[in-house]
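Contents: one structure, followed by commentary.
The values are calculated or read from the model by the stated rules, or taken from the named source; none is laboratory data. These numbers were taken from a predicted model, which means no experiment stands behind them. Because the Cβ atoms are built from the backbone with ideal geometry, glycine has one as well, and the counts that use them run over all protein chains shown. Note: areas computed on protein heavy atoms with side chains; ligands, DNA, RNA excluded. Shrake-Rupley method; radii C 1.70, N 1.55, O 1.52, S 1.80 Å.
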Amino acid sequence: MHSFLTAGSSSILPVKAITRVNHDWSLLQHSDATGVYVRGYESRLDLFQFLIIGPSNTPYHDAVFIFDLQVLPTYPDEPPRVHYLSVGPKLHPNLYCDGHICLSLLGTWTAGAAHETWQPTSSNLLQVVLSIQGLVLGVSEPYFLEAGYESQQGTEHGKHQSVLYNETASLYSLNTMAVHCESPPSSSEPFAHIINSHFALRGDAILDRCRGWLEDKEEKWSHG
């Protein structure tokens, strides 16, 4: 069930919004971004769902993240609404278990620079997807995205805390992978083929990475 598909919800969009949605859908279809998959609904032009595979060199590498998106009748004057489908503990400063996402482009975070906020004449759905992929999940040290913690960058304390945060985030990411693997989506569910194929192809690499972490921990303990 889509997060924004509720009883009494309306799918009626004015011509201005439909025109922009069609334009944005074309951008999404022709994007060469890797690790991103988007689906629309023929009967609901206002609803989309997208999946992002966690980028390498981050605590979220190979984890699967799914989001629901709704375009409002005021689009593109206002940004779309996006809901994160959490399947475990909070693993990122900007992603909450209740589905909330902190991102300047969505108007849900006020600390961003002016060029990072929604611009009705130029911002689009592809930009939203890529921003979540790059500015949220693509950050190698997400600890410093916590409010007030950016001032710790370059300090020994900040470095130590960032390492601890990444370890926890990596474990939580593995937890989400286990959820997807232990209860794989049925063929009728959105992105089922993408998710099942991803873990079939990347399973050995994920396990090798886990073994490397364990060996590294054991070596540190033995020298402790």
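Some values worked out for this structure:
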| item | result |
| --- | --- |
| Cβ-Cβ under 6 Å pairs, at least 6 apart or on other chains, the stretch 39-62 side farther than 17 Å from I195 by Cα, far side part of a loop (DSSP other than H, G, I, E, B) | R44/S11; L45/L13; D46/S11; D46/L13; D46/V71; L47/H2; N57/S140; T58/S140 |
| Answer residue from the stretch 162-177, given it is over 12 Å from S140 (Cβ atoms) and not aliphatic (A, V, I, L, M) and is surrounded by the most Cβ atoms within 10 Å (Cβ to Cβ) among those | S173 |
| Output for the stretch 83-97, where each listed residue is over 23 Å from W118 (Cα atoms) and either open to solvent by 10 Å² or more (accessible area, probe 1.4 Å) or without any contact (Cβ under 8 Å) to a residue 24 or more places away in the chain (or both) | S86, V87, G88, P89, K90, C97 |
| Output for the stretch 108-138, where each listed residue is among the small types (G, A, S), open to solvent by less than 60 Å² (accessible area, probe 1.4 Å) and at pLDDT 95 or above | S123, S131, G134, G138 |
| Enumeration of residues in the stretch 88-131 that are assigned to a helix (DSSP H, G or I), closer than 17 Å to F50 by Cα, in contact with a helix residue (DSSP H, G or I) (Cβ under 9 Å, 6 or more places away or on another chain) and of a type outside the set (S, T, N, Q) | L105, L106, L125, L126, V128, V129 |
| Condition check for G212: assigned to a helix (DSSP H, G or I) and either in contact with a Lys or Arg (Cβ under 8 Å, 6 or more places away or on another chain) or over 21 Å from I101 (Cα atoms) (or both) | yes |
| Selected residue (only one of E141, E150 is surrounded by fewer than 15 Cβ atoms within 10 Å (Cβ to Cβ), acidic (D, E) and farther than 27 Å from I18 by Cα) | E150 |
| Residues located in the stretch 60-81, provided they are over 15 Å from L126 (Cα atoms) and among the aromatic types (F, W, Y) | Y60, F65 |
| Residue in the stretch 123-140 that is in contact (Cβ under 8 Å) with a residue 40 or more places away in the chain and over 30 Å from L45 (Cβ atoms) present | yes |
| Near pairs, Cβ below 6 angstrom, 6+ apart or cross-chain, from the stretch 142-170 (under 15 Å from P93 (Cα atoms)) to any residue that is exposed (fewer than 13 other Cβ atoms within 10 Å of the Cβ) | F144/E150; F144/Q153 |
| Count - residues of the stretch 24-61 that are touching a His at 6+ places or on another chain (Cβ under 9 Å) and over 20 Å from I101 (Cα atoms) | 2 |
